[in-house]
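What follows is a set of notes on a single structure, which appears directly below.
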Amino acid sequence: MTASDSNKLSADEIALYDRQIRLWGMAAQANMRSARVLLVNIGSIGTEVAKNVVLSGIGNLYVLDEHVVREEDLGCQFLLTKGDVGAQRAQACLPRLQDLNPRVNLQVDCAALSSKPREFFQGFDLIVATELRSEEITALNKISRALGIPIYVAGSNGLFSYIFVDLIQFESTEEKLKSGRSTECGHVSSNREVIDVQVRHDEDDPKKVYEKITTRNSYKPFHELLQSATLQDKLTRRQAKRVNNVLPLTVSCLTQHPGSLKDLQRNVVQTCNDLHITAENLKPEYIEQFYTQLGIEFAPVAAIIGGAVAQDVINILGKKASPLNNFLVFDGITLEMPIYEF
Amino acid sequence: MSRASNISKIIGPQNLEKLRSTKCLLIGAGGIGSELLKDLILMEFGEIHIVDLDTIDLSNLNRQFLFRQRDIKQPKSTTAVKAVQGFNNSKLVPYEGNIMDTTQFPLHWFGSFDIIFNALDNLAARRYVNKMSQFLQVPLLESGTSGFDGYMQPIIPTETECFDCTKKETPKTFPVCTIRSTPSQPIHCIVWAKNFLFAQLFAADITNDADDETKDWGTTDEEEIKRIKQETNELQELQNIILSGDNSQIPKIIEKIFIHDIEKLLKIDNLWKTRTKPVPLTESQIKTDLTDRDMDLSTVWPIADQIQKLSSITNKLMTRMKAENNHIEFDKDDEDTLEFVATAANIRSQIFHIPMKSVFDIKQTAGNIIPAIATTNAIVAGLSALVSLRVLSLLNYAKISKPTELNMVFTAKASNISQNRYLTNPTLAPPNCNCPVCSRVVRGVMKIPRNLFGELKLKDLVSILAEKYSFDSEELSVLDTTGHRLLSDFDFDSLDEKTLEEIKIIPGTLLLITDETENDDGTCLKPLELYIDEIASDDGKMSDISLPDMKIPLTKITSTTEEDNKPVEDVVPQNNGETIVLDLEDEDDEKVKKRKFAGADGDDALSKKSKSDNEIEIIEEDDIIALD
Amino acid sequence: MSSLCLQRLQEERKKWRKDHPFGFFAKPTKKADGTMNLQKWEAGIPGKEGTIWHEGVYPLTIEYPDEYPSKPPKLRLPAGFYHPNVYPSGTICLSILNEEQDWRPAITLKQICLGIQDLLDTPNPNSPAQEPAWRAFQKNKAEYERKVALQAKQYAK
């Protein structure tokens, strides 16, 4: 990329963003300034995502949130204070969010997601959505697909959480120190294909050789992912036995929201079958605690998930590292966070 | 529904009450610290004490989200506490100070906490807090980040690995020969410019060794002495020019360093048998123009501009010397010193056919800057906050039967270790039986009445210890590990008659007592580490001195020097010798070829090696992990 | 720092007391406050019998960094010491003292001292550290030997 004058960072920006420019470079930092990101819902995870992207110096963030601040929001959101209860959440967050980085162009909108016509989404480069029901995700994903906009969806169930990513198709280039074997073009997994490899010698230390690898990531829409998600032929038998319980429970709840604990107990067995994994590991008390925490946001989990989502958003805006592909779950007990390609 | 309804659903109302009466210590209010403070408050921790010695800097604001432009230069701990008032529900106690200051933070103070969160940025403090947690058996949650890389490790004293159970990477050192004679990478030139040239010209003690007639030159040969004197004198001369403030002589400095010294190196032709010869500057390149021009710090300038800038910046520093007591330290945020080092390094690079760098890039190397971002800090802090629930046994459905069931975490996806896991979460290992901190010593607190510090002699201390623990007083060594001093041993008793006060054994001093008398079965007593504490009494008696009641366990003599009598093969003199250490500043050595967990928000935590070791244990078949 | 450094150095001190090569000495220096500084030692290295170095005992300063024994000690002969592999400042070039090369934490004080004694009479011309001694050693052996002998007298036992 050639940096035109208007796209060049000012000395002030370089000083402010010093510690991250050293990680992703001036060009990526300058690129971020022109980005327009839509955040749907600013709950616990939404707040974390907003904080991270605002601090990083993203150009424009548009927050769409129809919710009103409830008492329990105060227990998981640091942008709200007691006096905000009853106010529009997006409005309440705005001044404190803006204060994090006055350079970012922030806009808030208290309208309902469902009220927004397709054209509304056209102006965004990327969408991050949280606290959505499955139907809402499917609907939003339909629009994002139609308009060719990358989307990240995250949600949490107390100690447990998930991230869904649909970048439609995305090519990323990353540079790695070359290991013994050369990287070759071709599929590395079901959704990822290496399409180009360039070798570069380090100018400081000629002994160091880097490979610049371009990977094409393909994705599935949300409803299709839920319908076809399977781990058949993707895991060794040993791995299949150790699949984290959070996966079937999360997929089950997204496929069919359980009306009762019994529902969930029944549904999750079906989900295990669909995923081609064993249901034997699912202890009743585990299902029960998952059910108790359904839909609950929790600050430390939100920090982890919001951090992971924001990091990937920054990466793809800077076209740096290989993006997430395409379904993650997090287990707040064992701190396991597997990435599944469905 | 109330503020705490979510956490209550997760841990239950009874455990919520426990959490609300939990008192925790958060050390560090920087990148990880800001995030942790927020998480702990939202989780309803009862009491959070937060310590930081630092003030806020502009470059913190990209991640330390509790701070604003208007807070720059304010203390981090108190500013953080003010910043969270809007959503705070806990009792918060900020402290400005160094956690290693035993007056402000004595051992028993650490003992008042249920759990300690480390959000530190340096190895020394991490090691110190680890030791305190070992003394008191308080659980410690250790964490660190460097760019995209992060880790979090719960430490349960005596049950799981402590911070020092795995080897930690220390700053990279360079052979002096490479730095002084045969640089081949930009970093060699930067180290030379910073640690050698700059230090000599602006930060060296002014010595007049060369004129000291009584000095032993190691030879009586007049010609030799003249030569040595000349070597020493040359630098002295340059220093004198700087001190004189005579800026017309600046070209002379540049000539000496970049022409004459290089010509001298060229004379040693053995050096250039396999290397490309350096090309000294020419006299015509050296200008007398001392105008200071604004330059773009993010681009690489042509050589002529480097030379011009070096001249003008030397002029500036020369003027400053007078006002600053003839002593200027290199500081990456002092632009004059940075530009001096950058241009001098670049000119040297050019001479040795090494690529030049921008001032921005050189700042990173010379200033040991570690990249740091909000996201990694948020993730690591979140993990640390989350695991505390299990450490404190507050998750009823995820109780642990032993602490080794707890997990530690490393970033995996972001660190390019795995495409299938965002995090790796190995369970904790038991203590390393060779760990010099947690396994190979026993610990205790020695309490001495305040009035006795001026009366008790070192020999009294030795005999009290010998009697209490059946040491052989003839074989006892007393080391002060706080002051890095040996106080007494088999061959050193000249301080034995001094009082504790006279030899500065004060409350907070750490003593290491060793009696390595070998028993017939090849065992000896384990070393004893004592924390000296005072009893607030002004008429205490010898009998009031308290020591822990215990029997010092025996240990196998495992010499660290087993290859003792084996001769070292190939004692080859190499073009390598003395090493120069990039000194640690507020941030750690970054431009090392090995990636490490270090950082503005947690430096120097785990070496690549120890990390790889951890990785090897948890490799799954599907993971392509390149280990070279 | 961890106490490992001091613990190990105290071990070195005990070992040296039990067993050290004939003609050598090594002891920690004293700090201004009268305590012993285990991280800075002074040693005497006798020249080998039958070599041009034999008449002298050469003073060696050994400094141990906080990271010892992970990192090697720094060795120094007097400034201006005449030897091809000794820098004008007295710093010594030796592979076993380089972290990236042959340094191992198990190397003892005794091995270091014997290593220096070896180095005195077997310089490596491919790793010059000073011009005069290196040039003489390469091109004017008689001159080299005269200077070494002169230096040996200076440091006579």
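The values are calculated or read from the model by the stated rules, or taken from the named source; none is laboratory data. Treat the numbers as computed from the prediction; the structure is a model and nothing was measured. Counting neighbours? That spans all protein chains shown, and the Cβs are built from the backbone with ideal geometry, glycine included.
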Requested in this report: Looking only at the range B:455-469, decide whether some residue is within 11 Å of chain C (Cβ to nearest Cβ), crowded, with 19+ Cβ neighbours inside 10 Å and within 31 Å of the chain's Cα centre (by Cα).
Outcome: no
Report task. Can you give me the ranges of the strands (runs of 3 or more DSSP E) entirely in the range A:36-111 with at least 1 residues that are of a type in the set (Ser, Thr, Tyr)? Result -> A:60-64
Query raised in the report: Can you tell me how many residues in the range C:87-114 are among the basic types (Lys, Arg) and not in a helix (DSSP H, G or I)?
Result: 1
Report task. Identify, from the list A:247, A:275, the residue that is touching a helix residue (DSSP H, G or I) at 6+ places or on another chain (Cβ under 9 Å) and at pLDDT below 95. Result -> A:275
Requested in this report: Taking the residues in the range C:58-85 that are part of a strand (DSSP E or B) and either modelled with pLDDT of 95 or more or more than 8 Å from every other protein chain (Cβ to nearest Cβ) (or both) as candidates, determine which candidate is farthest from the chain's Cα centre (by Cα).
Outcome: C:63
Query raised in the report: Among the residues of the range A:292-311, is any hydroxyl-bearing (Ser, Thr, Tyr), in a helix (DSSP H, G or I) and either surrounded by 24 or more Cβ atoms within 10 Å (Cβ to Cβ) or without any contact (Cβ under 8 Å) to a residue 60 or more places away in the chain (or both)?
Result: no
Query raised in the report: Taking only pairs six or more apart or across chains, which ones have beta-carbon atoms under 7 Å, a first residue in the range A:63-85 that is at the interface with chain B (Cβ under 9 Å from one of its Cβ atoms) and basic (Lys, Arg), and a second residue that is in a helix (DSSP H, G or I) and surrounded by fewer than 24 Cβ atoms within 10 Å (Cβ to Cβ)?
Result: A:82/A:74
Report summary line: Of (1) of a type in the set (A, V, I, L, M); (2) surrounded by 22 or more Cβ atoms within 10 Å (Cβ to Cβ); (3) under 30 Å from residue B:263 (Cβ atoms); (4) without any contact (Cβ under 8 Å) to a residue 60 or more places away in the chain, residue C:112 fails just (3)
Report summary line: Counting only residues that are part of a loop (DSSP other than H, G, I, E, B) and modelled with pLDDT of 90 or more, the range B:472-481 contains a total of 1
Query - Tally, over the range B:267-289, of residues that are farther than 16 Å from residue C:84 by Cα and touching a Phe, Trp or Tyr at 6+ places or on another chain (Cβ under 7 Å) - result: 3
Report summary line: Restricting the range B:52-97 to residues that are among the small types (Gly, Ala, Ser) and within 23 Å of the chain's Cα centre (by Cα), the one nearest to the other protein chains (Cβ to nearest Cβ) turns out to be B:59
**Report entry** Of all residues in the range A:192-241 being basic (Lys, Arg) and surrounded by 14 or more Cβ atoms within 10 Å (Cβ to Cβ), the one that is farthest from the other protein chains (Cβ to nearest Cβ)
**Finding:** A:220
Requested in this report: Identify, from the list B:86, B:46, the residue that is in the same structural domain as residue B:395 (by TED's automatic domain parsing) and either in contact (Cβ under 8 Å) with a residue 12 or more places away in the chain or among the β-branched types (Val, Ile, Thr) (or both).
Outcome: B:46
Query raised in the report: Taking the range B:261-313 as the region of interest, how many residues are within 30 Å of residue B:332 (Cα to Cα) and of a type in the set (Phe, Trp, Tyr)?
Result: 1
Report task. Mind telling me which of the residues B:167, B:131 ends up being over 21 Å from residue B:377 (Cα atoms), part of a loop (DSSP other than H, G, I, E, B) and not hydrophobic (A, V, I, L, M, F, W, C)? Result -> B:167
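This table checks each residue for (1) part of a loop (DSSP other than H, G, I, E, B); (2) farther than 18 Å from residue B:168 by Cβ.
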| residue | (1), (2) |
| --- | --- |
| B:417 | yes, yes |
| B:422 | no, yes |
| B:429 | yes, no |
| B:438 | yes, no |
| B:443 | no, yes |
| B:459 | no, yes |
| B:462 | no, yes |
Report task. Tell me, please, whether a residue that is under 28 Å from residue B:118 (Cα atoms), surrounded by fewer than 20 Cβ atoms within 10 Å (Cβ to Cβ) and more than 9 Å from chain A (Cβ to nearest Cβ) can be found in the range B:310-317. Result -> no
**Report entry** Which numbered condition residue C:55 fails, given (1) surrounded by 16 or more Cβ atoms within 10 Å (Cβ to Cβ); (2) facing chain B (nearest Cβ under 7 Å); (3) at pLDDT 90 or above
**Finding:** (2)
Requested in this report: Just name the residue that is farthest from residue A:126 (Cα to Cα) out of those in the range A:285-342 that are more than 8 Å from every other protein chain (Cβ to nearest Cβ) and β-branched (Val, Ile, Thr).
Outcome: A:287
Requested in this report: Give the residues of the range C:115-130 that are at the interface with chain B (Cβ under 7 Å from one of its Cβ atoms) and either in a helix (DSSP H, G or I) or within 17 Å of residue C:64 (Cα to Cα) (or both), sorted by residue number.
Outcome: C:115, C:118, C:119
